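J.: Got a structure for you, questions after.
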Amino acid sequence: MRRIQASFVRSVEPHRALDPILPELLALCESEYGFIGEVWHDEPGVPYLRIFTMTNIAWDDASRERVERERVRGIEFRNLKTLFGAALVTAQPVIANDAPNDPRAGRGMPSGHLPLNSFLGLPLHYGGEMVGMVGLANRPGGYDTAMLERLDPMFQAVAGVIAAVQLDRQRRAAEARLSENDRRWHTNLELCGVGIVRVDPQRRFIEVNARMCELVGRPAEELLAMRADELTHPDDRAAWAAQMQPLVRGEIHHLLGEKRYLRGDGSSVWVQLALTAARDARGEFLYTVAIVSDIDQRKRAEAELRAREAQFVKLASKVPGVLLQFRIDTADRATVPYASEGMRDLFELDPEGPVRQDARLMMERVVKGQRGKVWGTLEACGRALAPWALEWEVELPLRGRRWVLGRGTPERLADGATLWHGYIDDITERKRYEEAVVAAEASVRANAAKTEFLSRMSHELRTPLNAVLGFAQLLASDPHAPLADTQRARIAHIEHAGQHLLAMIGDVLDLSRIESGSLPLSIGPVPVRKLIEDSFALVAPTARAGGVRLEVGGSASLAGLQVRADAMRLRQVLVNLLSNAIKYNRPGGRVTVAIDTALDRVSLAVTDTGFGLTPAQQAHLFEPFNRLGAERGSVDGTGLGLAITLRLVELMAGSITVHSESDRGSTFVVDLPCDDTPAPPEPAAPAAPAAPRAAAGPATLTVLYAEDNELNVELMRQLLTLRPGCALSIARNGREAIELARSAPAPQLLLIDMHLGDMSGLQVLEALRDEPALAGVPRVALSADALPQSIRAARDAGFDEYLTKPVDVERLLALLDGHGAVAPVAA
């Protein structure tokens, strides 16, 4: 033990103190090899060994290299699943006299390592803490507790040396840190951008840095021979001495103030001083440390700023409106640091009153429905540091509602607050004028755009229907090729579906009347069963083509169940919902119409297994012309169906709701009043139209037909085969129509489409108005444009008749007969 203690005293490197002890310890314990290590802990507090003293048992070049490389800083052992790891974890001695088979031995020794037959791991404690560990190996006969008890004094001495080594290491580290801190202090003192001084209780300078000397224009030697009062400007000495007293007496710990110092050249400089008093353990005042900042330029700028501020206040009081600053801190508290006198008139608030501390008083003047917009845009521009401009309304106690325009530029302050610099002006009169002009112009543009759209939509939809219904009527009416009953039934289906589509087109044209409340409705009892059957019949071909099943569900019985509605419009509603459910479904999907009743209401729920709607899509579901992105897909549509559906349902005292989940499908529920009155009998199906009789004899009527659609031209040719007495000339554009009309012989009837490729029917008519040869020649418009205003415009321009597409065959033939076609004779 004496050798152990003497070794630590003599050791130049304390962590080497145990090197000469290990061989004697091995000899005393009759052990082959061993180690003495310190217990260290990582950040989570897990113990590990750092070994500076160990038997050199390196077995190859790699292990020898590792020992030499790591021995100086200590070889770390962190694997706690070993015999010595068990001693570390338990902090108890570990004796393993059959080490290879001990379950605590872990994975065993590396290849080439000396055999480990028996092992003693002894934690070393000092002052109640585990500071180190002794590990011994391969004692003949193994280890026992008797040996531990016999050698315990020596192990305690080793623990004391390890603890002393650790304390010495900590002392050296603390001394190094102290030395480094002292070096940094003096370096920072000299390099600091502000003056730093220490002043004793007699107000003498005892330490100054280079920046302080530069600030007052005096060398350090001169300052160290002066008192602080001598350096202070005479006009500031008394006030400064009074400020210092609480700090010297210990009533305050810090002082921040401003005064003037006298420079070496006789000039003065404004400085700001941040002082702290240093005291001993008894609280006695020792000295003050002051940080001295040059604020001379700031003080001069402040004086100039005060002069300019006086000018600004005078100017702001004369400017109409409000100049103001609006501050929003990080907790969304708003204040008004400055507002000009215009605040009294524009907001009816005192600019020097409570509004300065609570800007909510201004926000309370904003019309309630607009407060969110004003605050929201202000916050958004504040986050982006973007200029802000907004018009809004205020409600004033005396002047009532006024329009104002606010503009501002944000500034981010050091504390994270946003300071707005802005101007607010009264724009009520200008706004009233602009709103009147804009409203008038918007109304004109909206009506013109709506009329143009509906006109084109009508034309584009009715043109193909003209061929569908026209050829269907020809097939049904041709006396030379009579149809079988089954064929006639199929033709009837074509005509029925075409007529329904035509009615739907009419509904599009009625959109403006729906919105204006002038759409006529025939409200009465509508049988629900027939409604569903008719609707299913109309959409069945589309469902079959898309592989979608149509089903009826719900808890209500359909027998005798009726709703109060317009039959045609309600069918239009259901067909539209069914069509959408089919179009936007999946192949092999399903569409279910479920009927339920509650009190005096009936609900029709149309559910599909399609792709569903997102919340964002549902928010815009019933907007006219908004297809919710479907316009980029392959499914056709106009975006009007649901808008018309909603309006029709509401006109029939009903409501419509939607429940949808993305990728799960949608359910549209139409709720209508129940009707218990008997439904009127259904009208009998119309008989097939009688075939027009063929005519014979020479042509008695020459017809010039102006049409740019080849299918419509072919339809007209086929129709006029029913009137052999008519000679047909075709013009495929407006210019050709004008040329043919002017050539001899002149036609006896002008049949003109209103939308030709190069010009309109109105332009063709205008070009032929003064032709002598055409005086008295009937002029007939034939067009898919069925808008009432278009028909009126054509008649006002000089057209005698206006036929709409799809063409009504019987009406067309009657028109030809009325203008001199050969009268039909019996077949």
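The values are calculated or read from the model by the stated rules, or taken from the named source; none is laboratory data. Computed from a predicted model, the values in this text were never measured in an experiment. For neighbour counting, all protein chains shown are included, and Cβ atoms are generated from backbone atoms with ideal geometry for every residue, glycine included. Ligands, DNA and RNA are excluded from the accessible area calculation, which covers all protein heavy atoms including side chains. Shrake-Rupley method; radii C 1.70, N 1.55, O 1.52, S 1.80 Å.
J.: For the peptides 761-767, 640-646, 394-400, what is the packing order when you average, over each peptide's residues, the other Cβ atoms within 10 Å and list the highest mean first? Each step should come with its number before you reach the end.
T.: Details: 761-767: 19.3, 640-646: 21.3, 394-400: 12.4.
Going by the mean number of other Cβ atoms within 10 Å, highest first, we get 640-646, 761-767, 394-400.
J.: Taking H as built 1.01 Å from N, whose amide H comes closer than 5 Å to the amide H of D566, not counting residues under 5 places away?
T.: Distant-sequence amide H within range of D566: G524.
J.: For the range 118-130, in order, what is each residue's ³J(HN,Hα) by Karplus, 6.51 cos²θ - 1.76 cosθ + 1.60 with θ = phi - 60°, in whole Hz (x at glycine and Pro)?
T.: My calculation for the range 118-130 gives 9, 8, 10, x, 10, x, 10, 10, 8, x, x, 10, 7 Hz in order.
J.: Based on alpha-carbon atoms only, what is the radius of gyration of the range 773-819 relative to the globular estimate 2.2 N^0.38 Å?
T.: Values: Rg = 11.3 Å, N = 47, 2.2 N^0.38 = 9.5 Å.
Compactness ratio reported: 1.18.
J.: Which value, to two decimals, describes the C-alpha radius of gyration of the range 309-441 once divided by 2.2 N^0.38 Å? Mind showing how you got there, number by number?
T.: Details: Rg = 15.0 Å, N = 133, 2.2 N^0.38 = 14.1 Å.
Taking N as the residue count of the range 309-441, the ratio is 1.06.
J.: For A359, which sequence-distant residues (separation of 5 or more, or a different chain) have an amide H within less than 5 Å of its own amide H, given hydrogens modelled in the peptide plane?
T.: It is A334, T335, V336, by chain and number.
J.: Continuing with the same structure: For the range 374-429, state what percent of all Cα-Cα pairs lands in each successive 10 Å bin, counting from 0 Å until the bin that includes the largest distance.
T.: Once binned at 10 Å, the Cα pair distances of the range 374-429 give 23, 45, 25, 8, 0.
J.: Out of all DSSP beta bridges with both ends in the chain, state the antiparallel percent to the nearest 5. Could the numbers behind the result be given before it?
T.: On the way: 114 of 136 bridges.
Close to 85 percent.
J.: Considering only protein heavy atoms and a 1.4 Å probe, what is the carbon-and-sulfur percentage of the accessible area of the chain?
T.: On the way: 23960 of 43610 Å².
In the chain, the share of accessible area belonging to carbon and sulfur is 55 percent.
J.: Sticking with this structure for a sec: What whole number of Å gives the distance from the Cα centroid of the range 151-165 to the Cα centroid of the range 88-147?
T.: 18
J.: Amide H to amide H, which residues 5 or more places from A706 or on other chains are under 5 Å from it, using H placed in the peptide plane?
T.: Residues meeting the amide H criterion: A731, L751, I752, D753.
J.: Another question about this same structure. Just by accessible area at a 1.4 angstrom probe, what is the order of W375, W59, W388 from largest to smallest?
T.: On the way: W375 60, W59 90, W388 25 Å².
Ranked list, largest accessible area first: W59, W375, W388.
J.: Would you mind estimating how fast the range 17-99 diffuses translationally, via Stokes-Einstein at 10 °C and 1.306 mPa s with the Kirkwood radius over Cα pairs, in µm²/s?
T.: Working: Rh = 14.1 Å.
Using the Kirkwood radius from Cα pairs, D works out to 113 µm²/s.
J.: Step through the residues of the range 154-164 one at a time and calculate ³J(HN,Hα) from phi using the Karplus curve (6.51 cos²θ - 1.76 cosθ + 1.60, θ = phi - 60°), rounding each to whole Hz and writing x for Gly and Pro.
T.: Running phi through 6.51 cos²θ - 1.76 cosθ + 1.60 with θ = phi - 60° gives 5, 5, 5, 5, 4, 4, x, 5, 4, 4, 5 Hz.
J.: Step through the residues of the range 568-574 one at a time and calculate ³J(HN,Hα) from phi using the Karplus curve (6.51 cos²θ - 1.76 cosθ + 1.60, θ = phi - 60°), rounding each to whole Hz and writing x for Gly and Pro.
T.: Along the range 568-574, the couplings run 5, 5, 5, 4, 4, 4, 5 Hz.
J.: Using the per-residue mean of other Cβ atoms lying within 10 Å as a proxy for protection, in what order, highest first, do the peptides 235-241, 654-660 fall?
T.: On the way: 235-241: 13.7, 654-660: 16.9.
Peptide ranking by packing, descending: 654-660, 235-241.
J.: Whole number in Å², please: accessible area per residue of the range 197-324, 1.4 Å probe, ligands, DNA and RNA not counted. Walk me through the intermediate numbers first.
T.: On the way: 7390 Å² over 128 residues.
I get 58 Å² per residue for the range 197-324.
J.: Cα centroid distance between the range 581-620 and the range 212-252, in Å?
T.: Comparing the Cα centres of the range 581-620 and the range 212-252, I get a distance of 86 Å.
J.: Output needed for the range 290-356: three equivalent-ellipsoid semi-axes, defined as square roots of 5 times the C-alpha gyration tensor eigenvalues, in descending order, whole Å.
T.: Numbers: eigenvalues 167, 74, 12 Å².
In descending order the semi-axes read 29, 19, 8 Å.
J.: Leaving out ligands and nucleic acids, and using a 1.4 Å probe, what accessible area per residue does the range 733-827 come to in Å²?
T.: Working: 4370 Å² over 95 residues.
Solvent-accessible surface per residue comes out at 46 Å².
J.: What value does the range 528-599 have for Rg/Rh, both radii from Cα atoms and Rh as Kirkwood defines it?
T.: Details: Rg = 12.5 Å, Rh = 12.8 Å.
My calculation puts Rg/Rh at 0.98.
J.: Let me ask something else. What ranking, highest mean first, results for peptides 339-350, 554-565, 611-622 when packing means the other Cβ atoms within 10 Å averaged over each residue? Numbers along the way, then the final one.
T.: Numbers: 339-350: 19.7, 554-565: 16.8, 611-622: 14.7.
Answer by packing, highest mean first, reads 339-350, 554-565, 611-622.
J.: Let me ask something else. With the Cα gyration tensor of the range 76-218 in hand, give its eigenvalues times 5 under a square root as the equivalent ellipsoid semi-axes, listed largest first in whole angstrom. Walk me through the numbers before you get to the answer.
T.: On the way: eigenvalues 695, 66, 21 Å².
Working through the eigenvalues yields semi-axes of 59, 18, 10 Å.
J.: For the chain, restrict the atom set to alpha-carbon positions and state the Rg and Dmax in Å.
T.: Expressed in Å, the Cα Rg and Dmax of the chain come to 51.5, 151.
J.: I would also like to ask the following. Quick check: Cα centre of the range 357-375 to Cα centre of the range 749-789, how many Å?
T.: Value for the Cα centre distance between the two parts: 61 Å.
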